[in-house]
Amino acid sequence: MRPIQAALVALLALVLVYSCKKEEREPCLQPRVTELHLRTMRRADSGIAVIDTLLPYPLLRPLSGQGTQYVYSFGRRPNQPLSMSLNQVADSCRWAIQPDSAAGTLSDTLTFYYTRLPRFLSNACGYTTFYDITDYRTTTHAIDSVIMQNPSVTNDVNVINFRIYY
Amino acid sequence: MRRARISGLILSLFLLLSAAGFAQTDSSKRAAKKPKEPEQYGHQLRLSFDVSKPVINLLQDTRRSYEFALDYYYRNEIYIVLEGGFGSAGYHYPDLNYDTRNSFVRVGFDKTLIKRVGNKDWDMAFFGLRYGLAPIRRDEATYTIGDSIWGSSVATIPAVNQLAHWVELTGGIKVELLPRFMVGWNLRGRFLMNETSFRELRPVYIAGFGRGDKSTILDFNVFVSYAIRWGGKPDAIKKAE
């Protein structure tokens, strides 16, 4: 066999070996979950400063969700914000928040109104939904006040959207 | 006045010396002039088909492509090349689903690295340059966003027509195994020129280019060719010999 023919056969074999490797979907390296983040605050014992407060045994409960209502209980680390998802099949949703479920404190209801923004992340991650909060409501049984810090709800876990003052 | 005359004399001397040197160089060149190399005669139109792509199509579920080539021997070891083909690809996952298909054309030239030994020698080792263009059709895409609390949502993205264009460098060899039947391979480096046009739902695979999520591609072809040849040494030259 001429050397050039041998080289061609070798190249064809290389083609086959290379082609045997099926192309698989690349892993998704971005966060796909879009959640709204809350930080809870309380006034200092003296002066006018406000500081992060660690709620003892907080419970977050979605209202009017699909199927069984879910109850979340967190053992949060200090300064860790609360996170909750928004309803991507409606333009509003409600969450109940109870600061201390062990002590049976009163719950408050937070209502969020927003614009839904489908967002393409990548072929590996697909689509997710970003939100632009347009309005919000709160009851004040335990909550003193709520301030919106950032209306954009995205997959960025470092963004704090609301501050809840107790 | 005297200074001007001296400058003029110096300039004239300089010009004279330069001319003498040029004449000497020119006469040296004439004396050492190489004999004119014999011209390579004959015309060749070659039709090629990439046999590696059907093999790869069998082994890959998600894409198909077919490539053809037509090249014509121009002169001075330069071949004018026209390549084309078509293909399709699919991206089918539970959360994202769409198909694309495209045709393509590539134009350019090949330049052989080794001169032909004679008029019947059509083996070649070459490098080449191409410009490629591919109109792409992406069908309607469907995506799903899951949510265990509020429920999943399903939506569609309308179909769209896109255009990809690129430049490529190629090199390879082609040898004549049987009279007029040739086999060869190319290695190609491709560079997408309009990457920013594909921000959302990039084609998974662009026939003629490669993976749609890459802007720089290394690829290869294995061609089987048939050559149509005509012409030869002119009768006047044969008689003179």
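The values are calculated or read from the model by the stated rules, or taken from the named source; none is laboratory data. Predicted, not measured: the structure shown is a model, and the values here were computed from it. Cβ placement follows ideal geometry from the backbone for every residue including glycine, while neighbour counts extend to all protein chains displayed. Protein only, heavy atoms only, side chains kept; ligands, DNA and RNA dropped before computing areas. Shrake-Rupley method; radii C 1.70, N 1.55, O 1.52, S 1.80 Å.
Only Cα pairs under 8 Å and at least 6 apart count here; give the relative contact order of region B:88-214 as a rounded whole percent.
Across region B:88-214, relative contact order equals 26 percent.
Averaged across A:85-98, how many Cβ atoms of other chains sit within 10 Å of each residue's Cβ atom?
For this peptide, the per-residue mean of nearby foreign Cβ atoms is 2.
Between B:PHE109 and B:VAL224, with labels modelled 7 Å along Cα→Cβ, what's the label distance in nm to one decimal, could you check?
3.1 nm
At a 1.4 Å probe, which residues in region B:163-194 are at least 30 Å² less accessible with all protein chains present than in their chain isolated?
B:ILE173, B:VAL175, B:LEU177, B:TRP185
Which order do the peptides B:177-189, A:138-150 take when ranked by the mean count of other beta-carbon atoms within 10 Å per residue, highest first?
Result, highest mean first: B:177-189, A:138-150.
Compute the accessible area per residue over region B:84-163, keeping the other protein chains in place, probe 1.4 Å, unit Å².
With all protein chains present, region B:84-163 gives 48 Å² per residue.
Count the net charge of all other residues whose Cβ sits under 13 Å from the Cβ of B:VAL154, scoring Lys and Arg as +1 and Asp and Glu as -1.
-3
Give me the net charge for the shell around B:LEU70: Cβ to Cβ below 14 angstrom, other residues only, Lys and Arg +1, Asp and Glu -1.
Once positives and negatives cancel, what remains is -1.
Roughly how big is the A-B contact, given as buried accessible area in Å² (both sides, 1.4 Å probe, nearest 100)? Numbers along the way, then the final one.
Working: alone 11090 and 15500 Å², together 23160 Å².
Buried: approximately 3400 Å² between B and A.
Just to confirm a number: summing +1 for Lys and Arg and -1 for Asp and Glu over residues other than A:ARG116 whose beta-carbon lies under 13 angstrom from that of A:ARG116, what do you get?
-2
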